[in-house]
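Beneath this line is the structure, given in structure tokens, with notes to follow.
Laboratory data are not the source of any read-out in this text; all were calculated from the coordinates shown. Computed from a predicted structure; not experimentally measured. A quick note on method: Cβ atoms are made from the backbone with ideal geometry, for glycine too, and the neighbour counts reach across all protein chains shown.
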Amino acid sequence: MKRFCVIDGQGGGIGAALIKHLKEIYGEHVELIALGTNAIATAQMLKAGANRGASGENAIVQTVRTADLIVGPIAITWANAMLGEVTSGMAAAITSSPAPKVLLPLTQESVVLVGVVLEPLPHLIQRMVKEIIKEVLPDV
């Protein structure tokens with residue numbers, strides 16, 4: 001069974017939406033691990049249907065090592081993003097993980113991603129779950 005790590009912070013709304021859609025498409029064929037930069041984010045993702053969850057830097061650093069796929073907003077790869085919730089250790093562990101990363105181009109930081117088409121979050125999530133993940137992991 002493939003292990004998908006869904007990483008989010010702050011209120012966990014993006015992660016919860018991802019988990020809801022992943023659960024609809026993949027059901028129990030994948031293990032959905034909710035990794036929150038804080039306990040509130042983790043709780044929201046667990047409420048959305050994640051199989052297991054954990055919070056904080058050490059949980060993220062340890063768990064992404066065994067992930068088959070990492071999903072979340074792009075800011076999870078940036079130290080000090082999400083009002084400082086993403087630590088440099090978290091960002092390093094996520095980017096260093098051998099797992100493919102499928103990231104949503106959403107950011108509250110003062111960063112502009114050139115070439116990215118602005119679309120509503122629900123459209124981005126649907127495309128990620130229905131198309132992109134299947135391209136990255138065709139055997140799921």
Quiz item: So between Asn38 and Asn80, what do we pick up on full extension, going 0.36 nm a residue minus the alpha carbon distance?
Solution: 13.7 nm
Quiz item: Between Lys23, Lys47, Lys101, which gets the highest mean-square fluctuation from a Gaussian network model of the chain, Cα cutoff 10 Å?
Solution: Lys47
Quiz item: Expressed as a whole number of Å, what is the distance separating the alpha-carbon centroids of segment 82-138 and segment 15-73?
Solution: 14
Quiz item: Looking only at Leu103, Leu83, Leu32, which one moves most when the chain is put into a Gaussian network model with springs between Cα atoms under 10 Å?
Solution: Leu83
Practice problem: For segment 2-136, state what percent of all Cα-Cα pairs lands in each successive 10 Å bin, counting from 0 Å until the bin that includes the largest distance. | Solution: 14, 49, 34, 3
Quiz item: What FRET efficiency do you get for Val111 and Ile132 if R0 is 25 Å and r is their Cβ-Cβ distance, rounded to the nearest 0.05?
Solution: 0.75
Exercise. Using θ = phi - 60° and the Karplus relation 6.51 cos²θ - 1.76 cosθ + 1.60, list the HN-Hα couplings for segment 51-68 in order, rounded to whole Hz, with x at every Gly or Pro.
Key: 5, 8, x, 8, 10, x, 4, 5, 4, 5, 4, 6, 6, 5, 5, 10, 6, 9
Quiz item: Can you tell which of Met45, Met82, Met90 shows the greatest fluctuation in a Gaussian network model of the chain with Cα springs below 10 Å?
Solution: Met82
Quiz prompt | Gain upon complete extension [His29, Ser96; 0.36 nm per residue less C-alpha separation] | solution = 21.6 nm
Practice problem: Of the options Leu106, Met45, Leu118, report the single residue whose Cα projects farthest towards the positive end of the charge dipole of the chain (beta-carbon charges: Lys, Arg +1; Asp, Glu -1). | Solution: Met45
Quiz item: Considering the zone a paramagnetic label at Glu119 would reach in this model (a point 7 Å from Cα along the Cα-to-Cβ line), which residues of segment 1-37 have amide N under 17 Å from it?
Solution: 17-19, 21-22, 25
Practice problem: Order the peptides 50-60, 12-22, 65-75 from the highest to the lowest mean number of other Cβ atoms within 10 Å of their residues. | Solution: 12-22, 65-75, 50-60
